[in-house]
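Input: a single structure, listed below in structure tokens.
Values in this text are rule-based calculations from the coordinates and carry no lab data. Just so it is clear, the model here is predicted, and its values are computed rather than measured. Don't worry about glycine lacking a Cβ; one is built from the backbone with ideal geometry, like all the others, and counts go over all protein chains shown.
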């Protein structure tokens, strides 16, 4: 029987792999990877291959999804296959669909979980996990869909933070930047100039950058290379206020008149 | 200068550690761990010690927090210390506070991220990450605080799922079970008998159990050993409906009349 294990690569580089993921990949007959749902510019494919003792074939979206994962199954009837995925595998909803297709074909699937920005954002910013409302992706799509500002506003009405994921351009090594996303939010509604936000670039990397402030000033901050994400801040617990100052470099004056 | 690295242990056992976390722990002068913010019954401390080549001292809440982490600093002025934490370190908000205290004392801190139930719940259930609203912990506290049912209802009004974390009893190896939490929700408001929910036990372990259904029937399901958690389901995308059937064993009749 064929088994496909979705193995998370976590954050930053190949060392985001867990010991269990490494075991699973060493035992596998074939290894694949995708980097279209997320960026891992610091991951060294050669080092990953050396670690697991086999070649890793990188698939693009159409190779992986157009035939509902059959590419993964071309290694015979008795194979164990791993598919490396950035972050925690099923945070990319497209892989839930792939997993269901494989299940319908009678392929056994399993998941080896890894770190995801969804939880790591708390460590990077000091904002509390249970204070986050619904997350949303800021897409490349023009004009900016209303759902982005609505999600931020609805969360803020309930005192909650919003994780804003930034779109990855299909087929290109390009991600919407913090600056681009903030400009598009400001253009859509000038009231958001006063929004308190935190930008996070290269989470988990040695050169991780975390910087917060009002949107109007944050918009001119240079965050450097991807991957990047933003938090739109909601109501603050006093410990979160301290964290924003100590960990996110938010100036005191930007913290006045926050609900 | 002292450095404290908060190193996530991820899910299930010591193999949830990342390759980066392993490197960090091997290089450290001293290793500590805590298991009071979460359960890891399958983790073998001896195997963890063998992996990192040094003893791991397990601290309870008061040892770690009463002196604001000074216990971690008792290894001299030039030490590198790791503190192992279940899941992704800063999802437990108490560690944000510890990290801030250490920062104030001039101690450099870093985080090695790992898998957390906050993202892994999507893989276990097939429910989509961006469809989750605010999460909440069901506490041991009697009576059940209104905030639990309010959070579920507010999320559901917006079509969103709610991750219900289950309280861990301080100082004891005991966690509120799925069954106990569901009974308490039912007792607080009988209308919740029709709530569609998914119970998840031992996420990431070989004997992981995922089972969904209406609260009234799910309440008699035996989920076995901890750790456990619940998702209160909101509005479903058709792919999520398929996932609930295929991955969570939700019977067809339980999926009728869901908004």
Restricting the stretch B:123-145 to residues that are in contact (Cβ under 8 Å) with a residue 40 or more places away in the chain and more than 13 Å from residue B:233 (Cα to Cα), the residue that is surrounded by the most Cβ atoms within 10 Å (Cβ to Cβ): B:124
Members of the stretch A:5-33 that are more than 25 Å from residue A:206 (Cβ to Cβ) and under 15 Å from the mean Cα position of the chain (by Cα): none
Given (1) within 13 Å of chain B (Cβ to nearest Cβ); (2) not in a loop (DSSP other than H, G, I, E, B), index of the condition residue A:57 fails: (1)
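For (1) surrounded by 23 or more Cβ atoms within 10 Å (Cβ to Cβ); (2) within 20 Å of the chain's Cα centre (by Cα); (3) within 23 Å of residue A:18 (Cβ to Cβ), each residue gets a yes or a no:
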{"position": "B:56", "(1), (2), (3)": "no, no, yes"}
{"position": "B:67", "(1), (2), (3)": "no, no, no"}
{"position": "B:72", "(1), (2), (3)": "yes, no, no"}
{"position": "B:103", "(1), (2), (3)": "no, no, no"}
Residue count, the stretch A:152-167 (criterion: within 19 Å of the chain's Cα centre (by Cα) and surrounded by fewer than 22 Cβ atoms within 10 Å (Cβ to Cβ)): 2
All positions within the stretch A:216-253 that are more than 14 Å from chain B (Cβ to nearest Cβ), surrounded by 20 or more Cβ atoms within 10 Å (Cβ to Cβ) and outside any loop (DSSP other than H, G, I, E, B): A:218, A:228, A:230, A:232
In the stretch A:1-26, the residues that are in a strand (DSSP E or B) and touching a helix residue (DSSP H, G or I) at 6+ places or on another chain (Cβ under 8 Å): A:4, A:5, A:6, A:7, A:8, A:10, A:18
Qualifying positions in the stretch B:91-101 - within 8 Å of another protein chain (Cβ to nearest Cβ) and either touching a strand residue (DSSP E or B) at 6+ places or on another chain (Cβ under 7 Å) or buried (at least 23 other Cβ atoms within 10 Å of the Cβ) (or both): B:91, B:96, B:99
Within the stretch A:123-153, tally of residues that are out of contact with any strand residue (DSSP E or B) (no Cβ under 8 Å at 6 or more places or on another chain) and facing chain B (nearest Cβ under 7 Å): 3
Flag if residue A:75 is over 27 Å from residue A:42 (Cα atoms) and at the interface with chain B (Cβ under 8 Å from one of its Cβ atoms): no
